[in-house]
Amino acid sequence: MRKIAIVSINGLTKLITEGRFLFALVINLVLIKQLTDSVKNFSELVGIKCSPWLFPFLMQENYIQFIFIAGATLLFCDAPFIDHETNFEIIRTGRLNWIMGKELYILAISFIYSIFIMSLSTLLLLPDIQMQSGWGKVLNTLAQTNAASAINNNYLNLDYHIIQRFTPMHASLLCLVLMTVICFLVGLCALFINIFFKKTPGAVGGIVIALLPYFQRNFSNLYKMSFFSPASWMDISLWNTKVILSYPSQNYMIGYLLCCILFFSIASAIKFHKIDDLGRERNIYE
């Protein structure tokens, strides 16, 4: 376990020196700022501070889901992250420990990336924000009335079902877990594709996952796609104890995510362990 952790920490250290992580944050910031500005404008208009619990509503939007997954795809497109130090690391740790360390690295980056994106929605509301245990008057008003459209704000639609079903803390934690898990799935998918299909870039898997919610929501004859669109499940209003409309149940979504993660993790580790010429593999991935 120590060797696996060392590989993961080394990967995190290298990421700090790269610009991809910052770029992924910036492309998310641009869209999130547009939405938070709308809430800030309303808050200033009515003279009431907003609570910091906006993010669960943002992840209902298809374009926010797409940008979030696109950023994750950028971070993981070159998995398994083979570079000039790889052979040296593998000699010290062993192949199986090395690839498992890279999978742990993907999980760690998924969590860190999700935390940063979630924090943006709070930081961008400053200074029109006030710490509150409940959802607050501003979010409740925007969710229950047409006040947003009355001031020509058509960017963000707040779903009152979230306020009804969840406490702010519960909604935020659930959203964070879902973001981390689905981001982890994107990374493992890229890893799997790069290892098994060397002429197909792993980014293809991430882009497919990012685009599925758009097609599922905008084409009525593709409603069954919701059963195979994990990015759509970042909308926590779907996480109801009852099956709603044509969407999958909680148990189905949990089972699907676990099966995909286990499959990609195990298959990638076994295949990488059997690679004969790692030097040749490096040239392919680079």
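Determine whether the range 156-167 contains at least one residue that is in contact with a Phe, Trp or Tyr (Cβ under 8 Å, 6 or more places away or on another chain), over 30 Å from CYS189 (Cα atoms), in a loop (DSSP other than H, G, I, E, B) and of a type in the set (D, E, K, R). Yes: the range 156-167 contains one or more residues that are in contact with a Phe, Trp or Tyr (Cβ under 8 Å, 6 or more places away or on another chain), over 30 Å from CYS189 (Cα atoms), in a loop (DSSP other than H, G, I, E, B) and of a type in the set (D, E, K, R).
Can you confirm whether the range 72-82 contains a residue that is closer than 30 Å to PRO127 by Cβ, surrounded by 24 or more Cβ atoms within 10 Å (Cβ to Cβ) and not aliphatic (A, V, I, L, M)? For the range 72-82, residues closer than 30 Å to PRO127 by Cβ, surrounded by 24 or more Cβ atoms within 10 Å (Cβ to Cβ) and not aliphatic (A, V, I, L, M): absent. SER119 passes every criterion in (1) over 20 Å from GLN65 (Cβ atoms); (2) among the polar types (S, T, N, Q); (3) without any contact (Cβ under 8 Å) to a residue 40 or more places away in the chain apart from (1).
Are there any pairs, at least 6 apart or on different chains, whose C-beta atoms fall under 6 Å, with the first in the range 198-212 and surrounded by fewer than 17 Cβ atoms within 10 Å (Cβ to Cβ) and the second at pLDDT below 80 and of a type outside the set (Phe, Trp, Tyr), and if so, which? From the range 198-212, the pairs are LYS198/ILE284.
Would you point out the residue of the range 6-34, among those that are among the polar types (S, T, N, Q) and under 18 Å from SER121 (Cβ atoms), that is modelled with the lowest pLDDT?
Just the residues of the range 6-34 that are among the polar types (S, T, N, Q), to begin with: 8, 10, 13, 17, 28, 34.
Within this subset, residues satisfying the condition of being under 18 Å from SER121 (Cβ atoms) are 28, 34.
Details: ASN28: 87, GLN34: 80.
The selected residue is GLN34.
Every condition in (1) assigned to a helix (DSSP H, G or I); (2) modelled with pLDDT under 80 is met by VAL243 except one, and the failing one is (1). Taking the range 1-101 as the region of interest, the helices (runs of 4 or more DSSP H) fully inside it that hold 2 or more residues being touching a strand residue (DSSP E or B) at 6+ places or on another chain (Cβ under 9 Å), touching a residue at least 60 places away in the same chain (Cβ under 8 Å) and closer than 25 Å to HIS161 by Cα are 20-46. Quick one: is ALA143 modelled with pLDDT of 90 or more, hydrophobic (A, V, I, L, M, F, W, C) and under 14 Å from LEU58 (Cα atoms)? No, not satisfied. In the range 217-234, the qualifying residues are those that are closer than 19 Å to GLY206 by Cβ and at pLDDT 80 or above, and the one that is surrounded by the fewest Cβ atoms within 10 Å (Cβ to Cβ) is PHE228.
The values are calculated or read from the model by the stated rules, or taken from the named source; none is laboratory data. Everything numeric here is computed off the predicted structure, so don't read it as measured data. Glycine gets a Cβ as well: all are built from the backbone with ideal geometry, and neighbour counts include every protein chain shown.
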